[in-house]
There are 4 protein chains.
Amino acid sequence: MPKNAEAVYYSDYLKLDRLLDAQQPHSTKYGAEAHDEMLFIIVHQVYELWFKQVLHELRAIHQDFSKPQLDDKALYLVAHRLRRVLTIQDLMNDQVAVIETMTPQEFLEFRDYLVPASGFQSIQFKELEIRLGLTRATRIAFDQQSFYNRLNDEDRNYLEQLEEQPTLFDRVDAWLARMPLLEFKQFKFWDMYQQAVNDALDHDETIIRENAVDAQQLETELAGIQTNRDNFAALFDAERYQSLREGGAVKLSQRAMLSALFITQYREEPAFNLAWQVITSLAEMDEKLTIWRYKHAMMVQRMLGTKIGTGGSSGHDYLRRTTEQNRVFKDFFAMSTYLLPKSALPALPAEVRDALGFSLEITHRSV
Amino acid sequence: MPKNAEAVYYSDYLKLDRLLDAQQPHSTKYGAEAHDEMLFIIVHQVYELWFKQVLHELRAIHQDFSKPQLDDKALYLVAHRLRRVLTIQDLMNDQVAVIETMTPQEFLEFRDYLVPASGFQSIQFKELEIRLGLTRATRIAFDQQSFYNRLNDEDRNYLEQLEEQPTLFDRVDAWLARMPLLEFKQFKFWDMYQQAVNDALDHDETIIRENAVDAQQLETELAGIQTNRDNFAALFDAERYQSLREGGAVKLSQRAMLSALFITQYREEPAFNLAWQVITSLAEMDEKLTIWRYKHAMMVQRMLGTKIGTGGSSGHDYLRRTTEQNRVFKDFFAMSTYLLPKSALPALPAEVRDALGFSLEITHRSV
Amino acid sequence: MPKNAEAVYYSDYLKLDRLLDAQQPHSTKYGAEAHDEMLFIIVHQVYELWFKQVLHELRAIHQDFSKPQLDDKALYLVAHRLRRVLTIQDLMNDQVAVIETMTPQEFLEFRDYLVPASGFQSIQFKELEIRLGLTRATRIAFDQQSFYNRLNDEDRNYLEQLEEQPTLFDRVDAWLARMPLLEFKQFKFWDMYQQAVNDALDHDETIIRENAVDAQQLETELAGIQTNRDNFAALFDAERYQSLREGGAVKLSQRAMLSALFITQYREEPAFNLAWQVITSLAEMDEKLTIWRYKHAMMVQRMLGTKIGTGGSSGHDYLRRTTEQNRVFKDFFAMSTYLLPKSALPALPAEVRDALGFSLEITHRSV
Amino acid sequence: MPKNAEAVYYSDYLKLDRLLDAQQPHSTKYGAEAHDEMLFIIVHQVYELWFKQVLHELRAIHQDFSKPQLDDKALYLVAHRLRRVLTIQDLMNDQVAVIETMTPQEFLEFRDYLVPASGFQSIQFKELEIRLGLTRATRIAFDQQSFYNRLNDEDRNYLEQLEEQPTLFDRVDAWLARMPLLEFKQFKFWDMYQQAVNDALDHDETIIRENAVDAQQLETELAGIQTNRDNFAALFDAERYQSLREGGAVKLSQRAMLSALFITQYREEPAFNLAWQVITSLAEMDEKLTIWRYKHAMMVQRMLGTKIGTGGSSGHDYLRRTTEQNRVFKDFFAMSTYLLPKSALPALPAEVRDALGFSLEITHRSV
């Protein structure tokens, strides 16, 4: 206990007077309190508290990635904090079960008193999306129009100013792009890699031809292989890569994509392990957000059927449409398209391995 | 212990010699065992054991619903067993996290040895789908073609014969349709109900007009209201209802739909509580199956990217497409479209309430 | 939307200005903010919000049970709300994983600034315990002394006044005790039941004698059987029951215990199903609270080892000791001691069954 | 697909004929099948499959730790596989909810047919315990006697032979003990550390004296501090440490304990991160096993009350007693007793930090 510190009391520390006075059901304005409005308020407030915590972590991570260089201890912290975010996301996803204990009829008892408030007005959630990298340009069309038009001026300005900043996606892309993974002297890694991937795709094509159950399936799947071949070839051709990117097939820059592929492929090397944890966690964050949106869409459908939400729109359809499109780190998620089994992987030269590796036991012997 | 019974030994009872000898990795045929193939096998075997248990419950439930009449104790058992199925589904959904501990590269070490085996060949899962009511006619087009063409004759025959039987959906529909809920003498419930729903839809329309943020949204949402009006009106018009049903907008028969609506609306009445639990559980079963398919689709994408699965098809796309369409009990799920708040609900006449209710405390006083 | 209502804005409705301003880390008073203090605050605030919601439900349930009679619709609501409490408890138990993402060292960065605040000062949690029935008399010795001595006057007075009120346990006991389940004319249920239980205990004794692996085990287990015989005999002897109760072996009154046993035994009868759900849920609430205390004890041990908590006591030991003793509804939990298999159960006379049962299908035919 | 490979069929690969034929309810021998016996069998079979998988991982980990040296890539795999084990344990813990859907009465319908089989006869679970380090000497007294006496000769021999082998605990202890962490030349780490811990304990003593609520609490807590002082002093005194160890207060050898403390304290250093993940995961494995035993004890109590289990013993009491004592890696769990906040930690000399660290970005620049 620091000298001269005052004794701390639990409820003062947690500001419980403020916190526990912030539940003001509107149903009481129009008659008896609807018993379940308390649940509705508290469930949303808990989400907002978790959003605040997730933003607290994301801002710190964002800041670390914004430095000219990210040293190994900083990377450890980034990985640690991303795991925390994932743990909170699991809890948020399970929390849908709590609101589902309210029946549609119980909701109808007070729903009308909330018009036109809407979860789409959660500034923290929007900040979370924008900060990750879901900026105006990348949103689905409906959302580009309507993302802002239910907000008051202060909130809209705050978010629009945020849209001007580099996102976490931008920073992660830059971090990957500046890694010198692609310039090993005399180590023609990518030549070997291209050959190995092509062999694997030839192999897949053989499997398809031998196992297709009808002509239509054969055609569809051969077309899929060809797309893979084209995309993979484009990884090494700046111009073709750029056109893939403009078409929305990939989001990362070319150099960042290659670094991410290298890291994923050699994640067991100590030097890459933390970086791999980070890109994996970013992909999982996307995945868990997607599941959250999906569960929310189903909950809204169960609650309202095809009725309109309090904000005057059919939230269910919106949520469903955004489920898939709103992935920021989808390139990490789909990385395995080009992964090779370890047995097919070009061996790293000894000098490269030495530069990457170290042994806990050996290192210390030498101190 | 029954007389003359032999002493039972744990491993004999559970047939552990058979069970624990059923993991035969194929990688050992071609070289060293791929460490992670064991996980792959066991995860799928655990799923198959749970499928067996779920089918054990569903068959019993199916049989109960196939009787001419379902008494109250049978209905209690149906509700109890459906809750068990839901609990198992939660576990199956969480189990995806276990297979996700295998990295794509670890999978690539043995994936080629499994061609063209595929999860689509799980007969138990297909039986589960068919038994619930996902018959050939209701599958998505791709599935109608390919559902059977990877199976051996025995498996195909088994399933095709199953497709001839009335499904659980059919039985549940018949059970609801034969309930005499719609024929209360001198109680014009549905007249009152129609008026109340129309008032509610008028009310929604007002909200939309007052809160629409632009003309396009207004138009879309008014069209939604009109669809609801049309669908609701069709509930009471046999001909229009039939055309809704043929168009796929609803699955239940008209009488079953009205009974389900009545039960949902008055679920607090003791007489309806178990029936409401049953239809809610059926909707949740669908929902949890959907989440299982969705998580599986994402896991497959993470594992293979856009590569083809061992069965020679892009399982990811298939799973994603079926996620939404394959709901059997979607009418229960969307029931809240026509729900009224308790305050707007027509009061049941005393004689009807008396017929439905009983009081634990009062009843016994009279014994 | 009610006429003349003002448009509602999400952040106003949820009082987000207050809610999101209630996180004031103390580390900033003494230097740079400890990054993880935010997590510590928010995790505790979320718990307090859930406590508020649980109390909201428990107070309503408590009030229902305090009425002279609990009708069937009220009982439905009680069961419904208890399920909600259980769902929230599951989430609170899983939430321990979030605080576990903070390492002990991260906690040490700000722990000293919180002295002597302590989770034992959570008035809402103490209200929850007292309201359930964990009053001063039933707490473990350590707790009787220290329960109040860290509180300020206002908080202490509030809780002491609450200790004067009948608890939920008291009300549930009275509800069970006044059920007329024990007075069926000419139906000597309990005579038959006693005989059936004695047969079952004889049977268990035979199993023990035939399967004991050594003399010591035999002795221990036969003593266990004798205790069961004595306890069971005491159920029907007011004086002996009273002495069991004074010794702490049972908590329920004699009549309440017998009603609970009857309900559990015949829970499939429609008339008892809701009552059975209620007593099962109360037992589960205890169980989940126990797991919460247990997980908390382990988390505190991991965080502090055997160091003292911020409140100046070794919270870990305390929590561990209370894990077992603090069960309020333990009699419901142990009910299966005296349960019979359905095959051994005395059949209810037709007149009793008729009074209890009703059939959804039959009932309505008669309307 | 390898050349000449035969096409693989899903049900052949998974040996479904064997797997799905291994459920043979005993109730059918004595009358109609008890519906719920299937659940009972399948739940236990699923546990056995997961045990097989956990053993598959533990054996591989055990083997790695048995090598003279564990290089960094092997350590990565150990950490990866331990995480998988933890994920499976989470699922096994949640699986208790499935067996809880069986009511005590449903269990009574077939319980008698299983006598005297018992979960204590699961050889795989016992192997898991022994392999981790829960050997005869460390079991609680009851268990030392009865651990083997329900097994057939083959099973008993298998486990007794296993008890002769070095356990995973032994191997982990040796791995930690041989780390050269304690011999930095001219870096008097442990001198500084002792001083810093003593300061922290003085600090705790002050807090206790200032905040004790009564004399008894003061005495208890000061005694606790003194125990901590003695234990900590013993860490550096081979003779006193040995007597702590013989008394059961610690399990690790002195050198292993100091290495584990060092690693925990400096886990952010890249060189220690994987090692820290490993010791943390081992502690979590213990914790999750403890929760599994605890949930099982509660489930057995709910199912049987104080009745005896099918194996003729009161499983509930046994499980409860073992909950706490059977921790193998408890020293890792309690490590935070001696942890210092980063601010109080002696700085590592530059030469030591350089030996430990590396930077992803810098390293590669130099290739």
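The values are calculated or read from the model by the stated rules, or taken from the named source; none is laboratory data. Predicted model only: the values in this text are computed from it and were never measured. Reconstructed Cβ throughout: ideal geometry from the backbone, glycine too, with neighbour counts over all protein chains shown.
Residues in region C:120-141 that are crowded, with 19+ Cβ neighbours inside 10 Å and of a type in the set (Gly, Ala, Ser): C:Ser122, C:Gly133. Scanning region A:13-38 for residues being assigned to a helix (DSSP H, G or I) and not aromatic (Phe, Trp, Tyr) gives a total of 9.
Every residue, every condition in (1) touching a residue at least 12 places away in the same chain (Cβ under 8 Å); (2) within 12 Å of chain A (Cβ to nearest Cβ), yes or no:
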residue	(1), (2)
C:Leu70	yes, no
C:Leu75	yes, no
C:His80	no, yes
C:Arg84	yes, yes
C:Arg150	yes, yes
C:Glu164	no, no
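Could you go through region D:105-119 and let me know if any residue there is within 29 Å of B:Ile42 (Cβ to Cβ) and surrounded by fewer than 20 Cβ atoms within 10 Å (Cβ to Cβ). Yes; the residues of region D:105-119 include at least one that is within 29 Å of B:Ile42 (Cβ to Cβ) and surrounded by fewer than 20 Cβ atoms within 10 Å (Cβ to Cβ). Would you say B:Phe65 is in contact with a Phe, Trp or Tyr (Cβ under 9 Å, 6 or more places away or on another chain), over 21 Å from B:Ala177 (Cβ atoms) and more than 7 Å from chain D (Cβ to nearest Cβ)? Considered against the rule, which asks whether it is in contact with a Phe, Trp or Tyr (Cβ under 9 Å, 6 or more places away or on another chain), over 21 Å from B:Ala177 (Cβ atoms) and more than 7 Å from chain D (Cβ to nearest Cβ), B:Phe65 comes out as no. In this structure, does D:Asn198 turn out to be touching a Leu at 6+ places or on another chain (Cβ under 9 Å) and of a type in the set (S, T, N, Q)? So D:Asn198 fails the test. For D:Leu289, the stated conditions do not hold, so it cannot be described as in a helix (DSSP H, G or I), modelled with pLDDT under 55 and surrounded by 18 or more Cβ atoms within 10 Å (Cβ to Cβ). Quick one: which residue in C:Ala260, C:Ala271 is assigned by TED's automatic domain parsing to the domain that holds C:Asp94 and in contact with a Leu (Cβ under 9 Å, 6 or more places away or on another chain)? Going through C:Ala260, C:Ala271 in turn, just one is assigned by TED's automatic domain parsing to the domain that holds C:Asp94 and in contact with a Leu (Cβ under 9 Å, 6 or more places away or on another chain): C:Ala271. Taking the criterion of being more than 30 Å from C:Leu261 (Cα to Cα) and either at pLDDT below 95 or within 7 Å of another protein chain (Cβ to nearest Cβ) (or both), the residues of region D:86-102 that qualify are D:Thr87, D:Ile88, D:Leu91. Output the residue which, of all residues in region D:125-142 that are modelled with pLDDT of 90 or more and basic (Lys, Arg), is nearest to D:Glu246 (Cα to Cα). Ranking the candidates gives D:Arg131 first.
Identify the residue in region A:213-253 that is among the acidic types (Asp, Glu) and not in a helix (DSSP H, G or I) and, among all such residues, is farthest from the other protein chains (Cβ to nearest Cβ).
Within region A:213-253, the first condition is being among the acidic types (Asp, Glu), and the residues that meet it are A:214, A:219, A:221, A:230, A:237, A:239, A:246.
Applying the additional criterion that residues be not in a helix (DSSP H, G or I) yields A:214, A:237.
Working: A:Asp214: 7, A:Asp237: 19 Å.
Checking each candidate, the answer is A:Asp237.
Which one is farthest from A:Thr264 (Cα to Cα) among residues in region B:114-124 that are out of contact with any Lys or Arg (no Cβ under 7 Å at 6 or more places or on another chain) and at pLDDT below 95?
Applying the first criterion (out of contact with any Lys or Arg (no Cβ under 7 Å at 6 or more places or on another chain)) to region B:114-124 yields B:114-117, B:119, B:122-123.
Remaining after also requiring at pLDDT below 95: B:114-117, B:119, B:122.
Working: B:Leu114: 24, B:Val115: 25, B:Pro116: 27, B:Ala117: 27, B:Gly119: 27, B:Ser122: 32 Å.
The qualifying residue farthest from A:Thr264 (Cα to Cα) is B:Ser122.
If the condition is being more than 8 Å from chain D (Cβ to nearest Cβ) and either in contact (Cβ under 8 Å) with a residue 40 or more places away in the chain or of a type in the set (Lys, Arg) (or both), then region B:103-119 contributes B:Pro104, B:Glu106, B:Phe107, B:Glu109, B:Phe110, B:Arg111.
The condition of being of a type outside the set (Lys, Arg), closer than 30 Å to B:Thr103 by Cβ and at pLDDT 95 or above holds for only one of D:Asp36, D:Asp12, D:Asp71, D:Asp21, that being D:Asp12. Only a single criterion out of (1) away from every other protein chain (no Cβ under 12 Å); (2) out of contact with any Phe, Trp or Tyr (no Cβ under 7 Å at 6 or more places or on another chain); (3) aliphatic (A, V, I, L, M) is not satisfied by C:Leu176, namely (1). There is at least one residue in region A:225-234 that is buried (at least 19 other Cβ atoms within 10 Å of the Cβ), of a type outside the set (Phe, Trp, Tyr) and farther than 29 Å from B:Arg150 by Cβ. Among the residues of region B:60-71, the one identified as part of a helix (DSSP H, G or I) and farther than 23 Å from C:Arg267 by Cα is B:Ser66.
Evaluation of D:Phe65 against the conditions (1) closer than 24 Å to D:Met299 by Cα; (2) buried (at least 19 other Cβ atoms within 10 Å of the Cβ) shows that the sole unmet condition is (1). The set of residues from region D:170-212 being within 30 Å of D:Asp72 (Cβ to Cβ), at pLDDT below 80 and assigned to a helix (DSSP H, G or I) comprises just one member, D:Phe189.
So, in region D:72-114, how many residues would count as being outside any helix (DSSP H, G or I) and not acidic (Asp, Glu)?
Here the count works out to 4.
Results for (1) crowded, with 20+ Cβ neighbours inside 10 Å; (2) modelled with pLDDT under 75; (3) not assigned by TED's automatic domain parsing to the domain that holds D:Asp71, shown as yes or no for each residue.
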| residue | (1), (2), (3) |
| --- | --- |
| D:Val278 | yes, no, no |
| D:Met285 | yes, no, no |
| D:Met303 | yes, no, no |
| D:Thr310 | yes, yes, no |
| D:His316 | yes, yes, no |
| D:Pro341 | no, no, yes |
| D:Pro346 | no, yes, yes |
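So in region B:12-60, with the set limited to residues that are more than 7 Å from every other protein chain (Cβ to nearest Cβ) and hydroxyl-bearing (Ser, Thr, Tyr), which one is surrounded by the fewest Cβ atoms within 10 Å (Cβ to Cβ)? So, considering only residues that are more than 7 Å from every other protein chain (Cβ to nearest Cβ) and hydroxyl-bearing (Ser, Thr, Tyr), the one surrounded by the fewest Cβ atoms within 10 Å (Cβ to Cβ) is B:Thr28.
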